[in-house]
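In what follows, a structure is listed as structure tokens, so that the remarks can point back to it.
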Amino acid sequence: MKAIQKTKPGAGAEIVDLPTPKPTSHQVLVKVKAASICGTDIHIYNWNPWAAGRIKPPMIFGHEFAGEVIEIGAQVDHIQVGDHISAETHIPCRGCHQCRSGSMHLCQNLQVLGVDRDGCFAEYIAVPEVCCVKNDKSLSWEIASVQEPLGNATYAVSESKVAGKSVAIFGDGPIGIFATAVAKAYGATTLIVVGMQTYRLDLIKAFGPDHIIDVRTEDVRKNIADITSDAGVDIVIEMSGNPKAIHDGLAVVRRGGTFTAFGIPAKPVEIDIAEELIFKGVNVISIFGRKMFDTWHEVANLLKSKRIDISSVITHDFPLEKIGDAMELLNAKEVKAGKIILKP
């Protein structure tokens, strides 16, 4: 099969021919129909310090995908040949305390597709049955392939309990855009989005936020103070991991409000625990992955009910061989792309 592989340490990736994987007794073999590029994939492609410390070449990367099951292992019970599936990319051990108490997404022995084992930037992938999520066959391959990051956004918004609340979302990447759509669908009454990429802020406009703040030209803290009559917002959902955004978010959340952390900083961020959290009585929620499998049901219901339409966020598609062109778009100083799909 054809695959995109990190063959050695360093920037870039190669298109290689590899044997098609053979599913084990508890795995299914999936013909990949669409795979989407995540920020993690950009880090692996660019070989940043995180990737250098975590990834062990040679390895196929990529973890967001949808495809058709073409073979099942001998002990697979609930997935059949011909099923359309996406995959929960966090692979649980199913034996630790977290797995056995309803928190498989926080498994102590967690492995991640395309990070700790071969991923989906390939014609075929073998996936544990426990990670398979059946899709309605009416769902397009492209939309089905982005349910994993849409799940991140849905989990963050759902846990934040945004209905009837003022909400500020920091970050205009695809997950920030998805979070805007979900927060609107879930009943946020004043919705503010903070970002810095013109193309992506334009994509966000389609989801009807009440205010968009461009940090390149506007004062975030002053604007949100004006919007909220100095009270601050009820909820901040931080999707960027940018240190300034984190501090701005903690500054604009109201006393007794909620700060939901999802964005991953490139390095440790110093926070004034007393001033930024304790004295304000801020509730902090940390979001990792998606709930297995409550979040997937929420995502399926949102899409099926048409409460959200995220098709406009998918702006480009490329064949696997054009991974370099896709990464060039995503590495640009001014990013002019939303979600990019790779097709084998």
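Taken together, the values in this text are just the output of simple stated rules run on the coordinates, not laboratory data. No experiment lies behind these values; they were computed from the predicted model shown. Note that each Cβ is placed from the backbone with ideal geometry, even for glycine, and that neighbours are counted across all protein chains shown.
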### Message
How far apart, in nanometres, would the label points at S286 and E321 be if each is projected 7 angstrom from Cα along the Cα-to-Cβ direction?
### Response
4.5 nm
### Message
What distance in nm separates the two pseudo spin-label positions at I273 and L18, each 7 Å out from Cα along the beta-carbon direction?
### Response
4.3 nm
### Message
Nothing charged except the Cβ atoms of Lys and Arg (+1) and of Asp and Glu (-1): what's the magnitude of the dipole of the chain about its Cα centre? Round to the nearest 20 debye.
### Response
300 debye
### Given [x] 36.4; [y] 21.5; [z] 16.8, the label whose value is mean projected area of the Cα convex hull in nm² derived from this model
[z]
### Query
Going by the alpha-carbon gyration tensor, a ≥ b ≥ c the square roots of its eigenvalues, is segment 152-286 rounded (a/c under 1.5) or, if a/c is not under 1.5, prolate (a/b greater than b/c) versus oblate?
rounded
### Query
Under the classification rounded if a/c is under 1.5, otherwise prolate if a/b is larger than b/c and oblate if not, where does segment 3-106 fall, given a ≥ b ≥ c as square roots of the Cα gyration tensor eigenvalues?
oblate
### Summary
Sorting V193, A266, N152 by the position of each Cα along the dipole of segment 152-286 (Lys, Arg +1; Asp, Glu -1; all at Cβ), the one nearest the positive end of that ordering is N152
### Contour minus Cα-Cα distance for D294 and I42 (0.36 nm per residue)
87.9 nm
### Query
Which entries of K304/K336; K137/K343; K22/K134 show an alpha-carbon separation above 23 angstrom in the structure shown?
K304/K336
### Query
Say each of C96 and R54 gets a label point 7 Å from the Cα, pointing the same way as Cα to Cβ; how far apart are those two points in nm?
1.5 nm
### Task
Loop only per DSSP, at most 13 neighbouring Cβ atoms within 10 Å: give me the trypsin sites (Lys or Arg not before Pro) in segment 222-315, ordered by residue number.
K306, R307
#### Entry: Net length gained if the chain between D202 and A225 were fully extended (0.36 nm per residue, minus Cα distance)
5.9 nm
### Query
How much net charge surrounds C99 when only the other residues with a Cβ under 14 Å from the Cβ of C99 are counted, with Lys and Arg +1 and Asp and Glu -1?
+2
### Task
Return the long-range amide H neighbours of G338 (sequence gap of 5 or more, or a different chain), with a cut-off of under 5 Å between placed amide H atoms.
T315, H316
